[in-house]
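First comes the structure, then the notes that go with it.
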Amino acid sequence: MNENGKNSKICEKDTYGTFFDDATSETSLLNDNYSRVMGKMSGSVVINVKRPVYQLDDLHDCNANGDVELEATVKRKKVAKLKWSDVKTVVPAIDWLFTNYNWSEDFFKDFVAGFTVAVLNIPQGMAYAMLGNVDPTVGLYMAIMPVIVYSLMGTSRHVSMGSFSVVCLMTGKVVNTYANKNFINADATAGAIVDQAVSLQPHHEDTVYSSIEVATAVTLMVGLIQILMYVFRLGVVCTILSETLVSGFTAGAAVHVVTSQMKELLGVKIDNHNGLFQIVLTYYDIGNRIRDVNFATITVSFVTVVLLLSYNLYLKAFINKRLFMPVPIELITIVIGTALFQFSTFSEDFQIKLIGEIERGLPVFKPPPVNLLINVITESVIIAIVAYSITMSMALLFSEKLKYTIDTNQELLAQGVGNVFGSFFSCLPFAASLSRSATQQTVGGRTQMASIVSAGLLVAVVLWIGHLFQPLPRCVLASITIVALKDILLQVRDVVRVWRTSKADAAIWIVTYATVVLVEIDVGLLAGVLMSLFFVFSRGIGTGVVVLGRVPETDLYVDMDRYRLAVEVPRVRIVHYSGSLNVTNRNVFREKVHSVLSRYDGQLAPITISINSGKETVVRAQCVVFDLAGMHYVDSSGLTMFARLVDQLNEAGLLVYVAAVSGNVYDCMRARQLGTVQFFPSVHDAVEYYNNLEELRA
C-alpha cells in the first residue's frame, strides 16, 4: 500500500488498449464483465462494456504513450488554447465589404432595405429627437454620423442604428436637468440641482449650456464608458439583463415616453416632474389644466393616431404582401400634415404649435463641453448599458435566426466609437431601433451596407429636404411616436405568460415595470437587476442533493425519488450534488448531506436501503460515494467544510469516495490533501471498487 492507502500499480496494456492494475484488474474485470442489456427498456439497443476499474490517479499515471507527466499535459493544453484564441479585427468591414461582399446579389437588396430604413428614419428621428429636448434634425444626424462608424466596426448585419425612444427620453431627462432653460426657469428644487452643477464647474459660475451641448456631453460620456467596457471585456454585461427584465423595462419606459408627449398631443403646458410618482403627478396636472387644452391640437392628434392605427391593424399586412417594400405610412403622414399646414392658416387661427425653424446642412464639428462630463457620468452609465443591451438583444435575435456570429465585445467598441464620433456632430446616444431593424431584415437586407445606403440618403434629406418640414405640427410627430410604441406598451400582457412559465421571472418583470413607472427609469433598471441577482443568488444557495440508485444490471445511477426502477446499492450510499460549493451555501450543503445520511443523536444511524424492488432492510452503510459531476466550482470555505464532513464520516466508520469530479475541483481537493478520500472517474468505478474490496476481505 502507498501513502494514499492504495495498492501499488504496474500499468500494462492489453490488446484492446486498456490498462490493468495488477492487484485488482482480474477481480474487477470479472465483476465488471457484464452485459448492460438496454433492450429490456428500449427494445433494441444493447451496450457491452469491458474494462477494468479505474481510479483517477490511474488515468494520470499511465496512458497509451507510456509514462507522461500530468503537468506537461496541462501545459500543452494551455498552449493549444492560446493558439486557438480568436483575435478580432478592429474594423470588420475590411473583411465583409472588401473581401466577401457579393455586389451583384447583395447590393440591390441592401439598397432597397437602406432606402426603406431611411424613409422610416425621417419621422422617427425627428419625433424621438423631441424626446431628447433637442431640435428635430438631431434625430436625422443620429442616423448618419454614428451609423457610418457602426457599419464599419459592428458585427451585426441587420440592426438599424440611430434614434431609439427610450434612450432619447433618458437623455432628455439629463438635458432637462442641466440645460440653460433649467438655469433660468427652474423651480426651487431644480434650481438647487443646477446651482450645485454650476458650482462643480472649474470656470465661471454663470456658465450655461444649451440643450445640444448637454446632449453631446452625455453622448461623449456614453461612448467613453462603452469603450472602457470594451477594454475590460464587459460584453457579458448584456447577459445580466434577461429578456424578461428588458421587456418590463422597455414597457415601463414606454409609459414615460407617452406621458412626455401628452403636452404635445393636448396642446397644454405641463410642468416637468422628476423622482417619485412623476407620472402620477403629470397626469394630475393634466387633470387640473384640462380646461386649457387646445381642441384643435387634440383633433389633429386624434385623426393622426386613428389613421396610423387603422392602417397598421387592417391594411398593413394586406398591402405589404403585394409590394416588394413596406408603404412608409409615417412619412406619408408627415408629408400630408406639412402640406396642409403649409398652404393653410390653421396653425395661426387655432394656435397649433409647429416644429419651427430647421437648419439646413450637415452639423458642424463642435467638441462637447468636457466640463459637464463629470456631472453626467451617473446617468451616462445607465444610458450606456441600456443602449448596449437593447442593441445586443436585437443583434443576437437576428444572428440566431440567420445563423451568424456576434462579437459582444466588438459591439461595445463599435457603439462606443460611434457615440464618441457622433458627440462631435450634434448627436444623442444611438441604439438599435426595434421597428426599423425588423423592417430592414424583413425587406431583405443582407449586410450593414443597408445602413450605409440609408445614411447616404439621409445626407440628401438634411441638405435639401429637411427644412421643408418646418410647418409640420409637433402633435403629428407626438402621434407617430405613440403609435410606434404600441407594441412595446402592450408588452404588459407578457406578464401573464411569464407568470405561467416562471414565478421568479414574473416577479422580476413586475418589480422592474412598477419601479420604472412609479419612481424613475434608471432606478427601475437597478431594481430589476437587483431582483435578478437575488434570484440567482438564492438559487445558488439552494443546493441540489439527491440519493442515487442503480438501474439493475446496468452502470446507470439515477435519482431514487424520481425513477422507481432504481434501487440502492447495498452498504453504499451515493450522494449526488449539483451546483457550486462556496461560502454562501456550504452550511446548506452540509445539512442536506446529513439529512440523506440519517443523522440521529449526533451519530450516524443505520441506513434503510432498498435491496430488491418492494423490499427494504436496515443495514449499516459502510461507504459514501459523492457524485460531484455537477459541482463546477468550490472555494476555500466550501472545501474546508467538505474536509470536515469527510472527517466526520470517517470517524463514524464510513469510507468516502468522490466520483466524476471535474478537473478544477479535483485539483482543489488534491491540493487540500484529503488523504482518506479516493477519487474515481465514474460512480460505477467507485461502486465496483468497493465491491471488490468487500470480496477480498471476505
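The values are calculated or read from the model by the stated rules, or taken from the named source; none is laboratory data. Just so it is clear, the structure is predicted and the values come from calculations on it, not from any experiment. In this analysis, Cβ positions are derived from the backbone assuming ideal geometry, glycine residues included, and neighbour counts consider all displayed protein chains. Areas reflect the complete protein model, heavy atoms only, side chains present, ligands, DNA and RNA absent. Shrake-Rupley method; radii C 1.70, N 1.55, O 1.52, S 1.80 Å.
Could you go through region 415-434 and let me know if any residue there is farther than 25 Å from Thr216 by Cβ and surrounded by fewer than 21 Cβ atoms within 10 Å (Cβ to Cβ). There is no residue in region 415-434 that is farther than 25 Å from Thr216 by Cβ and surrounded by fewer than 21 Cβ atoms within 10 Å (Cβ to Cβ). Taking region 302-330 as the range and being within 20 Å of Gln441 (Cβ to Cβ), part of a helix (DSSP H, G or I) and open to solvent by 80 Å² or more (accessible area, probe 1.4 Å) as the test, only Lys316 passes. When the test is whether a residue is among the acidic types (Asp, Glu) and over 34 Å from the mean Cα position of the chain (by Cα), Glu568 passes it.
Within region 573-587, the residues that satisfy the criterion of being over 12 Å from Ser636 (Cα atoms), surrounded by 16 or more Cβ atoms within 10 Å (Cβ to Cβ) and over 25 Å from the mean Cα position of the chain (by Cα) are Arg573, Ile574, Val575, His576, Tyr577, Asn585. If the condition is being open to solvent by less than 50 Å² (accessible area, probe 1.4 Å), more than 17 Å from Val656 (Cα to Cα) and either in contact with a Ser or Thr (Cβ under 6 Å, 6 or more places away or on another chain) or not in a strand (DSSP E or B) (or both), then region 548-572 contributes Val551, Thr554, Met560, Ala566, Val567.
Taking (1) more than 16 Å from Val476 (Cα to Cα); (2) surrounded by 13 or more Cβ atoms within 10 Å (Cβ to Cβ) in turn, Ile352 satisfies each apart from (1).
Candidates are the residues of region 256-289 that are among the aromatic types (Phe, Trp, Tyr) and without any contact (Cβ under 8 Å) to a residue 60 or more places away in the chain; the one that is most open to solvent (accessible area, probe 1.4 Å) is Tyr284. Restricting to region 398-414, and then to whatever is of a type in the set (A, V, I, L, M) and closer than 16 Å to Gly235 by Cα, can you tell me which residue is surrounded by the fewest Cβ atoms within 10 Å (Cβ to Cβ)? Once the filter is applied, the top-ranked residue is Ile406. When region 435-488 is filtered for residues that are in a helix (DSSP H, G or I), touching a strand residue (DSSP E or B) at 6+ places or on another chain (Cβ under 8 Å) and open to solvent by less than 20 Å² (accessible area, probe 1.4 Å), the ones remaining, listed by number, are Arg436, Ser451.
The residue that is surrounded by the fewest Cβ atoms within 10 Å (Cβ to Cβ), among those in region 659-693 that are over 22 Å from Val546 (Cβ atoms) and of a type in the set (A, V, I, L, M, F, W, C), is Ala671.
Select from region 508-547 the residues that are among the small types (Gly, Ala, Ser) and either part of a helix (DSSP H, G or I) or buried (at least 21 other Cβ atoms within 10 Å of the Cβ) (or both) and list them in ascending order. Those that are among the small types (Gly, Ala, Ser) and either part of a helix (DSSP H, G or I) or buried (at least 21 other Cβ atoms within 10 Å of the Cβ) (or both): Ala514, Gly524, Ala527, Gly528, Ser532, Ser538, Gly540.
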